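The values are calculated or read from the model by the stated rules, or taken from the named source; none is laboratory data. Note that this is a predicted model, so its numbers are computed, not measured. Because the Cβ atoms are built from the backbone with ideal geometry, glycine has one as well, and the counts that use them run over all protein chains shown. Please note that ligands, DNA and RNA were not included when accessible areas were found on the heavy atoms of the full protein model with its side chains. Shrake-Rupley method; radii C 1.70, N 1.55, O 1.52, S 1.80 Å.
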Amino acid sequence: MRWRPNRRSGNRLVINVAIVGVLITMVVLGVSVSARQERMADQARRAQHLAQAADQVKYRSADLNGWQNAYALDIARSMDGAADDSSGSRAQFIAAAARFNSDLTTLENLPASPDIRHIVQGVRSAFDEFMAVDRAAVQLYRTGRAADRATASALVMGRSNEMYGRIAQGCDESVALATSAMDTDFAGLEAVGRSTRRYIVMLSVVAVALAVIGAVIAEARRRADAERARQAQRMACLGQLAGGIAHDFNNILGIILNYTEFVAEHAEDETRDDLGHVRTAAERAVGLTGQLLGFIRHDAARPDEVLDGNAVLAESYALLSRTLGEHIALTLVPSPEPVLIRADAGQLQQVVINLAVNARDAMPDGGRLVLAATAADFEDGPPGVRPALQAGRYLEILVSDTGAGMSPEIVTRIFDPFFTTKPRGHGTGLGLATVREIITAAGGGIAVSSRPGAGTTFRIYLRTTGDFSDVSRRSARQAPRGRGQSVLVVEDEPVLGAGIARILAGGGYRARSATSGDAAVTAHAQDRCDLVVTDVVMPRMSGPRLAEVLRRADPTLPMLYCTGYPGEPPPPRPGEGHLEKPFSAGQLLTAVDALLRQVAPGGDHPGAPAGPPGSGYAGIVR
């Protein structure tokens, strides 16, 4: 069998997680980049301050050089008082030297790279030597001797200019390095900003793309849910239509079965045999109708029903042999020994048919489908079963096909609700989920084995119970008889109502029939009865409404409701019973006797073995 996974929910979850991841990444990136930018900005600001300080020192060196040249010319011309600190050029030179020294000290105190610090130290050394030369020249000049003044002039015009050249070179190099460092830091800061903007744009695009994909998936999911809702609505309408058809059809079948039984009671052997064939055909029609309604109505399970596993499988085989198609070779292998189980017959057939239909879909070109049953004992419980089962004796029902098979990934998910590999519009993904639910509700388990190209095998395990002698005794047990109690039958189908009344009359009751609620109220007013057997749904007045009207005058009047509508019947109240249609004569007589005993527990209604009434059918599905 083939299934295609429906992963829209998983994809949506992955996309949501991815969007959250992108947003977290953007937050982390923003915090990290912000901290990095702050560090780089601080470094760039320090580099800028350094460059500005170096440039200021360079400017001061030019000012120093200008006043030193003016002062040196005065000495070279041997002007009186040229070396005095109060002379104009000498005073300006001293002030320029002080400013240069202050700015150089500021530059030295700023954090800088080793290269810049080494250059600044060279400038400091040249400046100190420059000032030492100046002091020596001043001392010589102030002696007044011509030789000393000549030497002072040579110092300020030669050695001082040499020292200034070193100072100027160092200032130029420090300015160049500081400016380069500043440009590098600012360039790095700009690069980080550009990278951050690029990453943010990329992550934003990814987030938007994921959001768009998520919206597309959400829209696809919404449409799929709407399609499933429309399909469910169509199925509900189909169920109502099929229920109405089955109701009318079972009315006819109930009449045929009951009156066939009535005729058979007085017919000759040869005629009785012919009527037996009619009865068998009608019972088969009842079974087919019941299966149809079971699939459409999703009847509640009755796991306490004791069934013959071989019989259930045989009924499923009979139905499938007419519906699967001639391209499927269907084989039935019953259990060699009778096996009893507790399960709901209709739903167990639904399980087998559901698996068989899936197998047919997996073999479009034809193949072989095997239905087999066998009893097996397990010391540790059946292997590979979901859910796990305890040790014991189990009925194993095998449904095996020669289809395309499934991969291990698909096998692990086939029981998930809404999981399907069928094309859109051809499957709801609820079939196998329903299968597992039914088997689990019956106390059993299911296992599956499959390989691509090697077909698929489902194994259903249900615990065995009892033995056939118990079933035989229950089948042979006769329905209890009445003791002349008055029973009013209310059925809007006159022929069927008359048949029910006839069964009750043959079972020891005084039976009357009415075809409507109003007629029943009139009949009860004229001659009160001990119990009312009524259909639930009737024109103008329903069965519960009829009970309400009748109990105004007789509050303890027992009411036996006959219904076949889908769903669980309401919890029985005192003096009420429910009988599901279609029912046999024995079931009807047993239900009537049980309800009369309930309202009269003193034992004034002793049951006695029933006689002629057989096991005819007397119900319809409403």
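Remarks
- Answer from 326, 337 - the residue that is touching a strand residue (DSSP E or B) at 6+ places or on another chain (Cβ under 8 Å) and either open to solvent by less than 70 Å² (accessible area, probe 1.4 Å) or farther than 18 Å from residue 406 by Cα (or both): 337
- If you go through the range 387-403 and keep only what is open to solvent by 70 Å² or more (accessible area, probe 1.4 Å) and not small (Gly, Ala, Ser), you end up with 390, 393, 402.
- Pairs, first in the same structural domain as residue 334 (by the TED database) and surrounded by fewer than 17 Cβ atoms within 10 Å (Cβ to Cβ) in the range 358-371, second hydrophobic (A, V, I, L, M, F, W, C) and not in a helix (DSSP H, G or I), C-beta under 6 Å, six or more apart: 368/329
- Number of the condition not met by residue 16 [criteria: (1) within 30 Å of residue 181 (Cβ to Cβ); (2) at pLDDT below 80]: (1)
- Residue among 421, 440 that is within 28 Å of residue 231 (Cα to Cα), outside any strand (DSSP E or B) and touching a Lys or Arg at 6+ places or on another chain (Cβ under 7 Å): 421
- Subset of the range 211-227 (residues that are open to solvent by less than 80 Å² (accessible area, probe 1.4 Å), over 14 Å from residue 17 (Cα atoms) and touching a residue at least 12 places away in the same chain (Cβ under 8 Å)): 217, 218, 220, 224, 227
- Of residues in the range 565-592 being of a type in the set (D, E, K, R) and open to solvent by less than 70 Å² (accessible area, probe 1.4 Å), the one modelled with the lowest pLDDT: 581
- Selection of the range 35-79 for residues being charged (D, E, K, R) and either within 19 Å of residue 123 (Cβ to Cβ) or free of Cβ contacts under 8 Å to residues at least 24 places away in the same chain (or both) yields 38, 39, 42, 45, 55, 58, 60, 63, 74, 77.
- Set 195, 153, 174: member being of a type in the set (S, T, N, Q), open to solvent by less than 70 Å² (accessible area, probe 1.4 Å), assigned by the TED database to the domain that holds residue 69 and at pLDDT below 80: 195
- Close Cβ contacts (under 8 Å, 6 or more residues apart or on different chains) running from residues in the range 424-441 that are open to solvent by 40 Å² or more (accessible area, probe 1.4 Å) to residues that are at pLDDT 85 or above and outside any helix (DSSP H, G or I) comprise 436/446.
- Count of residues meeting criterion [assigned to a strand (DSSP E or B) and at pLDDT below 85] in the range 285-325: 2
- Filter pass, residue 31 being at pLDDT below 80, assigned by the TED database to the domain that holds residue 160, out of contact with any Ser or Thr (no Cβ under 9 Å at 6 or more places or on another chain) and surrounded by fewer than 14 Cβ atoms within 10 Å (Cβ to Cβ): yes
- Those residues of the range 346-390 which are touching a helix residue (DSSP H, G or I) at 6+ places or on another chain (Cβ under 8 Å) and part of a loop (DSSP other than H, G, I, E, B), in sequence order: 387
- Residue satisfying all of: in the range 372-384; in contact with a Leu (Cβ under 9 Å, 6 or more places away or on another chain) and more than 18 Å from residue 349 (Cβ to Cβ); surrounded by the most Cβ atoms within 10 Å (Cβ to Cβ) among these: 382
- Screening the range 474-528 for residues that are touching a Ser or Thr at 6+ places or on another chain (Cβ under 6 Å) and open to solvent by 60 Å² or more (accessible area, probe 1.4 Å) and picking the one that is farthest from residue 553 (Cα to Cα) gives 494.
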